[in-house]
Amino acid sequence: MSSMRNTTEPWVANDDHNAKNGSGQRNSKLSVQRVQRLSGLQLEQFENALNQVETVSFDFFDTLVHRKNILFPKDVFLLVEEAAFSKFGFSIPDFPEQRIRSENIARARNFTRQKNEVSITEIYRVFSEVAGISLQMADKLKRLEVKCEIESLAPTPYGVSLYQAAVKSGKRIVVTTDTYFDEKTIKRIASKCGFKDVSLFLVSSNFGETKAHSGLFQILLESLECNPNSILHVGDNQLSDVKNALDVGVRTHFVTAPASEFARRYQLNRHSSGNLLNSQILKEYLKWQSSSDPTDVVPRLAREMSLVYLNFTLWVIEKAKLENVEKIYFASRDGKIYYKYFNMIATKLGLKTRAKYLYVSRKSLYPSLIFTDELAAKKIFSHSWSHITLDEALKRLSLNRRICSEQIKAHNLDQISNDDHLFYGPRFGDFLDDVWSLVLERNQKKFQLCRDYLAQEGVLSPEKAMFVDIGWHGSLQRCIDSLLAHSGIQKEFLGHYLGTFKNPIDWEKEMRSFGYIVDATEESDLLPLVRSGPSMIELLHCAEHGTVSGYERKNGKVVPKLKMNKTEQKQFNEVTKPIQDIGLKVVRSKLKDFKGTNLQPADPDLIARFSLRSIYAPTLDEVRVLGKFKIATDFGAKMQSVTLKSNSGETPASNPDYSIWPAGSRLLNESSNQS
């Protein structure tokens, strides 16, 4: 909150824009600043400003009043959509979008008539055309929107403090607001919220002029017939409430509205939560954040990541309906949290779709390619992965130096030591050609067990199914697709991922796969955000069990062999599990009381910019927690720190851009240099 400043230049309190840099990343401070509340000093500054004026003009929405249980103004349309279905028993497809479109058309028409504002009556007149409904039904929806708006609004704490200070000082109180609602509606809301000492309401829809175009400020001056310098205008919009007021000589006092500040800080392209459940979770997050300890990392990450878990699951459900899929496989281990969310939401919505948790991994599925797609297998096992030694490369193929010593020597691979992590693919590829018959022999049993497990779980059947995993290259889906083709089974097997990247072996050309936040087939400005730490995102999706190292027969069934790693187990129990558990608890509590029927997924823009913020723009406190993570970047490789140049856990990576988590490494380096 700022104090009044009598100047010709607008002054914005807490003007930390955190603009995107060239890589699409932001300043690490952007997410954890608390929602501003009125301190004693700020109130004192405002009271001092009151001594210099006779009249206080208040903006209305997000200054004096706010939507108490939803975040963005446009989320009100979600309320209207639910209320219309409940009251009238019908739904209009994409109601929020059609409502927004109708308003835009109405504004464009009025602009040609030299009017800078519209009324809600004009909007719903257009809506009847856009939606193809009668004017009578459009009028019912209009009145329903007014009702929903009134019921959702409550006074803001800071607005009440400023209003009471102005009343106590004996100032004349005016409301000057841009809105399509009429004056009668604004008066009803003001009275309901306790603002009963307002002497004049200047509502843009009454005049066809707005603060945004400065015209409403001219009407304010004409109505009061006073010196502009004797008026103090209070509002939350830097253009409408600050610059344009100053341009006509009116003093200004800027307040920070949580919802608009949230959208600005995360540079959201669309100010909509997607569904009311998201809106309620986000609103509660802002309330929680305003009183939480900024160094309390895990609860914050839990609330942010809960929207990733929730909305990707909602996207999967939406896609399953569109594709008429009745069976969904959630891949271990990253799919375990989504399997939990799916079961929770399916129970709430009464979904009949069958879901199964599938124990698969690169280590358990890649060997199948040896038999189903020799060319792809050789490309994979010859790929120049970093941090892979010759012994590790051989072990992935069930080989070792002893049983293929002659071929190793023939291809000069014996010169590669276990300390040499720059393993050369082409030379190893030639070596593979020579030992391929041995590779087939050594992996035959693994292949049979893998095939039997997938058949047992119903994967190797003609039934159409979805495969759900975090991403990024769809390699597990490719293995299963190849096995289906090898087995002569025609099946639609649709991969659905949090995100997909372009595959170095061009697999996406042969698979039906789709990404929620980013998709390999589409350009997206969200890609740099996800690319800033895909391994970190994976670590926040880990499960309580070990990786699937293969399969074995027990009691007449094929079961996964789970390799438990003490380091993985420790970091899961200390960080990942609390994040997942708290997030699940938050969503479950909101879902329990959720009465709506519309649970569409949010725009990926919101999820990436808000929920993945700790990945692309972490705080130092977050890096100190998440930076302790270790991960094996490929199956068969040793685990390594995500931020450090060695496994000692002591020294930041000398070149952060080449670490697993560049943003975290960079912040550690800066902190280390400063200290």
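The values are calculated or read from the model by the stated rules, or taken from the named source; none is laboratory data. Worth saying up front: this structure is predicted, and the values here are computed from it rather than measured. Using ideal geometry, Cβ is built from the backbone for each residue, glycine included, and neighbour counts are taken over all protein chains shown. Quick note on the areas: whole protein, heavy atoms, side chains included, nothing else; ligands and nucleic acids left out. Shrake-Rupley method; radii C 1.70, N 1.55, O 1.52, S 1.80 Å.
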**OP:** Kindly provide the Kirkwood hydrodynamic radius of the chain in Å, to one decimal, from all pairs of distinct alpha carbon atoms.
**Re:** 28.3
**OP:** Mind grabbing the accessible area of Glu129 for me, 1.4 Å probe, Å², rounded to tens?
**Re:** 110
Subject >> Accessible area expressed per residue, the chain, with surrounding protein chains retained (probe 1.4 Å, Å²) >> reply: 43
Original post:
Under a point-charge model restricted to the Cβ atoms of Lys and Arg (+1) and Asp and Glu (-1), what is the dipole moment magnitude of the chain relative to its Cα centre, in debye to the nearest 20?
Top reply: 1960
**OP:** Taking the Cβ of Glu81 as the centre, find all other residues whose Cβ is under 12 Å away and add up their charges (Lys, Arg: +1; Asp, Glu: -1).
**Re:** -2
Original post:
Where does each of Lys592, Lys68 land when they are ordered by accessible area, with a 1.4 Å probe and the largest first?
Top reply: Lys592, Lys68
**OP:** Just read off the accessible area of Leu539 with the full protein assembly in place, 1.4 Å probe, to the nearest 10 Å².
**Re:** 20
**OP:** Using a cut-off of 12 Å between beta-carbons, work out the net charge of the residues near Lys348 (Lys and Arg +1, Asp and Glu -1, Lys348 not included).
**Re:** +3
Original post:
Across the range 68-193, how many lysine pairs separated by 8 or more positions, or lying on different chains, have Cα atoms within less than 14 Å?
Top reply: 8
Subject >> R0 of 60 Å, Cβ-Cβ distance Thr597-Glu374: FRET efficiency to nearest 0.05 >> reply: 0.75
Subject >> Highest to lowest packing among 54-62, 219-227, 528-536, scored as the average C-beta count within 10 Å >> reply: 54-62, 528-536, 219-227
**OP:** Once you've got the Cα coordinates, tell me which of Lys340/Lys445; Lys340/Lys566; Lys352/Lys502; Lys321/Lys502 are over 31 Å apart.
**Re:** Lys340/Lys445; Lys352/Lys502
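To the nearest 500 deg cm²/dmol, what mean residue ellipticity at 222 nm is calculated for the chain from DSSP H runs of n ≥ 4 alone, each contributing -39,500 (n - 2.57), summed and divided by the residues?
Computed mean residue ellipticity for the chain: -14000 deg cm²/dmol.
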Original post:
Roughly how many percent of the accessible protein surface of the chain is carbon and sulfur, given a 1.4 Å probe and a whole-percent answer?
Top reply: 48
**OP:** May I have the extent of the alpha carbons of the range 138-193 along their three principal axes, as whole Å values ordered from largest to smallest?
**Re:** 45, 19, 16
Original post:
Under a straight-distance cross-link criterion of Cα-Cα below 19 Å, which aspartates and glutamates are reachable from Lys409, leaving out those fewer than 8 residues away in the same chain?
Top reply: Asp391, Glu392, Asp419, Asp420, Asp430, Asp433, Asp434
Original post:
Running Debye on the range 150-230 with equal point scatterers at the Cα sites and no solvent, what base-10 log of I(q)/I(0) appears at q = 0.12, 0.16, 0.22, 0.26 Å⁻¹?
Top reply: -0.37, -0.67, -1.18, -1.35
Original post:
Given that compact globular proteins tend to follow 2.2 N^0.38 Å, what is the ratio of the alpha-carbon Rg of the range 324-419 to that value?
Top reply: 1.62
Original post:
Working out 0.36 nm times the residue gap between Ile489 and Arg113, then minus their Cα-Cα distance, what length gain in nm do you get to one decimal?
Top reply: 128.9 nm
Original post:
For the range 470-561, what log10 I(q)/I(0) values come out of the Debye formula at q = 0.11, 0.17, 0.20 1/Å, with one point per alpha carbon and no solvent?
Top reply: -0.42, -0.88, -1.07
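Order of 388-396, 92-100 by packing, highest average Cβ count within 10 Å first? Can you show the working numbers first?
Numbers: 388-396: 19.2, 92-100: 17.2.
The packing order, highest mean first, is 388-396, 92-100.
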**OP:** Net charge near Val234: determine it from the other residues with C-beta under 9 Å of the C-beta of Val234, scoring Lys and Arg +1 and Asp and Glu -1.
**Re:** -3
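Classify the range 494-615: rounded, prolate or oblate, from the alpha-carbon gyration tensor (a ≥ b ≥ c, eigenvalue square roots; a/c under 1.5 rounded; otherwise prolate if a/b is larger than b/c)?
oblate
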**OP:** Among Ser169, Ile189, Val65, pick out the residue whose Cα is farthest towards the positive end of the charge dipole of the range 41-198, where Lys and Arg carry +1 and Asp and Glu carry -1 on C-beta, about the Cα centre.
**Re:** Ile189
Subject >> Cα centroid separation, the range 317-372 to the range 74-136 (Å) >> reply: 38
**OP:** Please identify every one of the chymotrypsin sites (Phe, Trp or Tyr not before Pro) in the range 64-129 that sits in a loop by DSSP and has no more than 10 other beta carbons within 10 Å of its own beta carbon.
**Re:** Phe90
